[in-house]
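Below is one structure, written out as structure tokens; the observations come after it.
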Amino acid sequence: MKIAILGAGVTGLTLARLLHQDQHQVTVLERAKTAGGLCRSSQVGDFTCDEAGGHILFSKKQKILDWMKDRVGRENLVETERQTRILWHDRYVPYPFENGIGALTPQARFDCLKGYLEAVERRKQGAPCPRNFRDWIDWKMGAGLAKHFMIPYNEKIWECPLEEMDASWVAGRVPDAPVDDIIKAAVGLKTEGYTHQALFWFPKTGGFQALTDGISGGIEDRIQLQTPVQSLRHKGEGYQVNGEDFDFVINTIPLKELAEVYEDMDEDIRRECKELHPLSVCTVLVGYKTDSPPDPLSWIYLPFQDQGPANRITFFSNYSPNNAPPGHASYMAEVTYRGNSLKPDQAWLDALVTSLEDCKLLRKSDVVQVQPFLNRYAYIDQNLAFPQRIARIRQWFDQSGILTVGRFGRYEYHNSDQCIARAFEAHTQIRELAQTGTPKPFHFSS
Ligand SMILES: Cc1cc2nc3c(=O)[nH]c(=O)nc-3n(C[C@H](O)[C@H](O)[C@H](O)COP(=O)(O)OP(=O)(O)OC[C@H]3O[C@@H](n4cnc5c(N)ncnc54)[C@H](O)[C@@H]3O)c2cc1C
């Protein structure tokens, strides 16, 4: 088949590679100057950085993890034991917070343990799972964990009242700690959360984009850069994209953007797609001089408003020694925002660096490089209307003949490994279609 793939992020590139191997004639259309999407990295002076915040390579699925490592090249990977902390007022607390409560003040430890046990008891008595995220936090974690971490942190990152958020996305995202772990943590016994990320990998050179570069290796000539999708319409049995005929179309660009150019879309679905608002992230590379390497941390969370605008700081030069030149280290700071509410001008960047100094992460006078990157599509706005809206949209597309996948092509809160897993699922269905010639509704595992 002659196949158009819209978008050259990790999802589109994985599908391009697999379909090219099957001898299909593939064309990838990408708006940006370089491929990689949210996995893109860049060189700023002698510093390497990931444009959408420090990315790590990991997966719960061994087959996907192996495939990713092979694409980067195993000799080009640094293995790191994850060390993450929350900067909680005057001290560092291990992450996830539930596993770190032993490091809190005695009063906060008591609040967290009491609240957690009360929540377990309420659930045992049959308290139903609430729909909104704010109530879910109380229901699942209890009042202490809610007050001391979950509410301030989530209000900061999601930039909205948590009552307005749906709770269904949290499964698998917010750690589900067994009660024994909470009790152990409270009395100071070591427990480990998020064990699937206990080890992670990062490319020695090239930033995380080494992954997407590896995926697209050998098919670079199939990718048309600086080529925004401007029109998509049905033509006979096939499609026309930007005026060129194709047998099959795979979408990985945000559905909100697709709705602007897809002429034959159902009008109700078009309206629904336009209501899918993204949460954006501004990532800032901060490079600084130092005689001694930074603490051996992977990243830290800054849950409180008085810690400045960033919600997470990646210790990016710890991911690979090549991410910063000798005698220097680097951080990637992440600040979420909605709409056009953030302008990273000099005053804003100065204030951000000052907040890092106030958190004792660096001395302002040592800073040699500050570079912001805006990522309009970063997180999914999990508002209360979202689950039903996206279910209607996916159902319509899955019957429509156009296959739509990817973080914003399907609006799934997925990391790159899960995007790759989805691309594998899509590939199996396209293979079947190519062999039988009989279109069937697309379907994906939950
Ligand atoms: C802050 C943050 C941290 C993350 N950390 C990790 C991590 O540590 N590990 C991990 O594995 N994953 C991480 N992720 C997730 C990972 O980045 C994404 O899941 C993945 O990159 C999504 O790939 P995609 O191809 O589906 O979408 P995208 O990367 O968004 O690709 C879509 C592509 O479509 C292009 N496009 C858009 N509109 C048009 C148009 N009109 N015409 C043509 N092209 C267009 C875009 O330029 C883009 O290249 C993180 C994400 C964020 C936001």
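The values are calculated or read from the model by the stated rules, or taken from the named source; none is laboratory data. Only a predicted model underlies this, so the values are computations on that prediction, with no experimental measurement involved. Because the Cβ atoms are built from the backbone with ideal geometry, glycine has one as well, and the counts that use them run over all protein chains shown.
The table that follows gives values for the structure above.
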{"item": "Selection from segment 22-73 of residues that are in a loop (DSSP other than H, G, I, E, B), basic (K, R) and farther than 28 Å from V229 by Cα", "result": "K60, K61"}
{"item": "Filter result (more than 11 Å from the ligand (Cβ to nearest atom) and in contact with a helix residue (DSSP H, G or I) (Cβ under 7 Å, 6 or more places away or on another chain)) within segment 48-66", "result": "T48, C49, K60, K61"}
{"item": "Verdict on N375 being out of contact with any helix residue (DSSP H, G or I) (no Cβ under 6 Å at 6 or more places or on another chain) and within 14 Å of P254 (Cα to Cα)", "result": "yes"}
{"item": "Pairs, first charged (D, E, K, R) in segment 235-257, second crowded, with 20+ Cβ neighbours inside 10 Å and in a helix (DSSP H, G or I), C-beta under 6 Å, six or more apart", "result": "K256/C273"}
{"item": "Segment 255-310 - residue that is touching a Gly at 6+ places or on another chain (Cβ under 9 Å) and at pLDDT below 95 and, of those, nearest to N323 (Cα to Cα)", "result": "D291"}
{"item": "Members of segment 221-232 found to be on the phi < 0 side of the Ramachandran plot and either among the polar types (S, T, N, Q) or touching a helix residue (DSSP H, G or I) at 6+ places or on another chain (Cβ under 9 Å) (or both), listed by number", "result": "R222, I223, Q224, T227, P228, V229, Q230, S231, L232"}
{"item": "Sole exception among (1) touching a helix residue (DSSP H, G or I) at 6+ places or on another chain (Cβ under 7 Å); (2) crowded, with 18+ Cβ neighbours inside 10 Å; (3) of a type in the set (S, T, Y) for Y337, by number", "result": "(1)"}
{"item": "Helices (runs of 4 or more DSSP H) wholly inside segment 152-271 containing at least 1 residues that are of a type in the set (K, R)", "result": "179-186, 255-261"}
{"item": "Residue that is nearest to the ligand (Cβ to nearest atom), among those in segment 277-294 that are hydrophobic (A, V, I, L, M, F, W, C) and crowded, with 23+ Cβ neighbours inside 10 Å", "result": "V281"}
{"item": "Residues being within 14 Å of the ligand (Cβ to nearest atom) and either surrounded by 15 or more Cβ atoms within 10 Å (Cβ to Cβ) or acidic (D, E) (or both) - total across segment 198-213", "result": "11"}
{"item": "Pick from segment 78-102, criterion surrounded by fewer than 20 Cβ atoms within 10 Å (Cβ to Cβ) and free of Cβ contacts under 8 Å to residues at least 24 places away in the same chain, ranking: nearest to L189 (Cα to Cα)", "result": "R91"}
{"item": "Number of positions in segment 338-371 that are in contact with a strand residue (DSSP E or B) (Cβ under 7 Å, 6 or more places away or on another chain) and farther than 21 Å from S41 by Cα", "result": "9"}
{"item": "Qualifying residue in segment 61-77 (condition: small (G, A, S), within 27 Å of L374 (Cα to Cα) and touching a residue at least 40 places away in the same chain (Cβ under 8 Å))", "result": "no"}
{"item": "Hey, R40 buried (at least 22 other Cβ atoms within 10 Å of the Cβ), within 15 Å of the ligand (Cβ to nearest atom) and either within 30 Å of A329 (Cβ to Cβ) or without any contact (Cβ under 8 Å) to a residue 24 or more places away in the chain (or both) or not", "result": "yes"}
{"item": "Subset of segment 365-422 (residues that are within 14 Å of the ligand (Cβ to nearest atom) and of a type in the set (A, V, I, L, M, F, W, C))", "result": "F373, L374, A378, I380, L403, V405, F408, C419, I420, A421"}
